[in-house]
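Let me begin by presenting the structure, written as structure tokens, before commenting on it.
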Amino acid sequence: MWAICMNEFKGHFKSVKSIIVIAIIFGISYLLADFMTTVAGQLDMGEGTDGYAIGTLMIVFGLGFLFIAGLSHDLMNREISSRTMRFLVTKTTRTKILLGKYLGVWFFWFFCITVSYILVSFVSKEFLWLGVVDCMMFLSVALALNLIFSLVLPKPGISMFFGIVFALVFPALSFWAIYADSIYTNWFKFLTPYYYSTLGSYYILINLIYAVLLFIVAREIFKRRDL
């Protein structure tokens with residue numbers, strides 16, 4: 001499992017797309033944090049508030065699903081379509097394969113988010129650890145959903161197209177359900193990780209439970225998948 005995890009983790013750093021995404025995350029995080037120092041007094045912001053991390057938060061909540069779709073849309077179907085998955089299942093269990101793949105991408109994003117907040121800390125003078133937790137809880141759900149997509153959709157090209165469309169539509173529907181005063185859409189907010197992140201405090205941990213439930217669904221799909 002850990003060999004698969006490390007292979008996936010290292011593999012994400014070898015892609016040109018990954019390097020571009022990392023540069024965007026780091027650049028926007030630091031530049032907006034630096035900008036916030038000039039308006040902190042006007043906004044009555046205290047040091048150490050998540051206002052300094054607005055760049056990272058914008059990327060995670062606004063573009064997180066899109067970046068994940070672009071970098072990891074073929075997390076499972078790449079191996080399945082190339083038949084290499086048949087070799088892997090002879091070496092370890094399907095659950096360990098799935099968990100190794102998931103954790104490899106999770107650690108990649110943990111690295112990106114942590115370094116982003118370290119850059120922000122140079123400006124805020126404090127490491128905003130709660131922001132890291134919030135971002136990673138949210139991304140845990142996004143990654144679990146992406147894992148399911150890569151199992152259900154047979155070809156990498158299809159999963160990439162669907163992932164991009166989903167990344168554009170899902171956030172819009174989520175914020176509409178959260179902020180629109182309509183009994184017809186209000187129920188949808190409980191199905192979106194955005195809702196629990198907007199609640200803040202310990203509610204963000206609900207996203208961890210959400211991610212675990214989605215991973216269990218992915219595991220059951222993978223167990224029944226013909227390789």
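Any idea which residue in the stretch 90-118 is modelled with the highest pLDDT, counting only those that are of a type in the set (S, T, N, Q) and closer than 16 Å to E8 by Cβ? Here the residue is T95. Of the numbered criteria (1) at pLDDT 90 or above; (2) of a type outside the set (D, E, K, R); (3) surrounded by 22 or more Cβ atoms within 10 Å (Cβ to Cβ); (4) more than 17 Å from V217 (Cβ to Cβ), the one S124 fails is (1).
For (1) assigned to a loop (DSSP other than H, G, I, E, B); (2) under 30 Å from T93 (Cα atoms); (3) within 15 Å of the chain's Cα centre (by Cα); (4) in contact (Cβ under 8 Å) with a residue 40 or more places away in the chain, each residue gets a yes or a no:
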residue: V165; (1), (2), (3), (4): no, no, no, no
residue: W187; (1), (2), (3), (4): no, no, no, no
residue: L205; (1), (2), (3), (4): no, yes, yes, yes
residue: Y210; (1), (2), (3), (4): no, yes, yes, yes
residue: L214; (1), (2), (3), (4): no, yes, yes, yes
residue: D226; (1), (2), (3), (4): yes, yes, no, no
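Restricting F87, F9, F67, F61 to residues that are modelled with pLDDT under 85 and out of contact with any Lys or Arg (no Cβ under 7 Å at 6 or more places or on another chain) narrows the list to F87.
So is S150 assigned to a helix (DSSP H, G or I) and buried (at least 21 other Cβ atoms within 10 Å of the Cβ) or not? Break it down stepwise before answering.
Numbers: assigned to a helix (DSSP H, G or I): yes; buried (at least 21 other Cβ atoms within 10 Å of the Cβ): yes.
Answer is yes for this residue.
The set of residues in the stretch 179-227 being in contact with an Asp or Glu (Cβ under 8 Å, 6 or more places away or on another chain) and loosely packed, with under 12 Cβ neighbours inside 10 Å consists of G200 alone. For the stretch 76-83, indicate whether the set of residues that are within 25 Å of P193 (Cα to Cα), at pLDDT 80 or above and either assigned to a loop (DSSP other than H, G, I, E, B) or under 16 Å from the mean Cα position of the chain (by Cα) (or both) is non-empty. Yes, that holds for at least one residue.
The values are calculated or read from the model by the stated rules, or taken from the named source; none is laboratory data. Here the structure is a predicted model, which means the values were calculated and not measured. All Cβ positions, even for glycine, are placed from backbone atoms using ideal geometry, and neighbour counts span all protein chains on display.
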